[in-house]
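These notes are about the structure you will find just below.
The values are calculated or read from the model by the stated rules, or taken from the named source; none is laboratory data. Keep in mind that what you see is a predicted model, and the values were worked out from it rather than measured. Cβ: placed from backbone, ideal geometry, glycine included. Neighbour counts: every protein chain shown. Heavy atoms of the whole protein, side chains included, go into the accessibility calculation; ligands, DNA and RNA do not. Shrake-Rupley method; radii C 1.70, N 1.55, O 1.52, S 1.80 Å.
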Amino acid sequence: MHTKNHTRKPRPALRFADAKRKWLIFLAIFLTGMYLMTFVQHYFENNGIANIDTCTLEKQPLTHWLEGTGVVSGNQIIAYVKPAGRMLEKGDEVLVKTAGANQQLLPIAKISYDAQKNIITMYFTIDPDDYTDGAQVIVSREQKTNPYLCLAAKAVHKDEMGNYFVYLVKEKKSILGIEPVCRMKYIDVYLEDGVYAAVDVKNSRITEDDLFVYHADREIQDGSKIHLLDENER
């Protein structure tokens, strides 16, 4: 008596489950590999992260040198300057220099302002024996402007076209979580004196809550990863 061996064919549902399991295993391996590659990339990129100090907008007066010219006339010097900063008053001292390098701080004896010409005329009382009648003089005075919303000058940069820009501290989502990065932003500057830059906040679309890169220990650009130094790291 002969018996027949019957090979049972896998059911379609079993074949589908097996294929699905293999696909899930492949997907898990692929995602794990991508994660490890991203982790390694971030690890090496972290070695190029810039350490930065930050600053915010603050109200500060700016310093400007008010300069003009004048002439010796008898017992007085008459000088003319363009207004800058706080308007000068009688009694304010101004540095007066002659061609012979002689210089002296003199109080303003009389002052007038021509609004149409935007010129200040100042008069100084002098001893005629100390000056040559008709001699030309240069007058100057350090002036402070009214307070503006300012950024530290080191936080403000210029591109090759002379446009001002800053780096804002922002956050970026990554596979490792939230990371700080810098974002380049163009701004409008009213005035600058080498210490502060007065910023047009409205047109620049920045606020007093924004955080700006003041100093970085290496070159940064838009999108660069950064590390904010705390008090103990400075």
S174: passes all of (1) open to solvent by less than 40 Å² (accessible area, probe 1.4 Å); (2) closer than 30 Å to I226 by Cα; (3) modelled with pLDDT of 85 or more but (3)
Residue count, segment 47-70, condition open to solvent by 30 Å² or more (accessible area, probe 1.4 Å), more than 12 Å from A84 (Cβ to Cβ) and assigned to a strand (DSSP E or B), comes to 7
Within segment 83-103, residues being at pLDDT below 90 and more than 20 Å from T63 (Cβ to Cβ) number 5
Of those in segment 177-190 that are assigned to a strand (DSSP E or B) and in contact with a helix residue (DSSP H, G or I) (Cβ under 8 Å, 6 or more places away or on another chain), the residue most open to solvent (accessible area, probe 1.4 Å) is Y186
Of (1) open to solvent by 90 Å² or more (accessible area, probe 1.4 Å); (2) in a loop (DSSP other than H, G, I, E, B); (3) modelled with pLDDT of 95 or more, R218 satisfies every one except (3)
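Matching residues to (1) more than 25 Å from N146 (Cα to Cα); (2) under 15 Å from the mean Cα position of the chain (by Cα):
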| site | (1), (2) |
| --- | --- |
| E171 | yes, no |
| C182 | yes, yes |
| Y186 | no, yes |
| L191 | no, yes |
| D200 | no, yes |
| D210 | no, yes |
| H227 | yes, no |
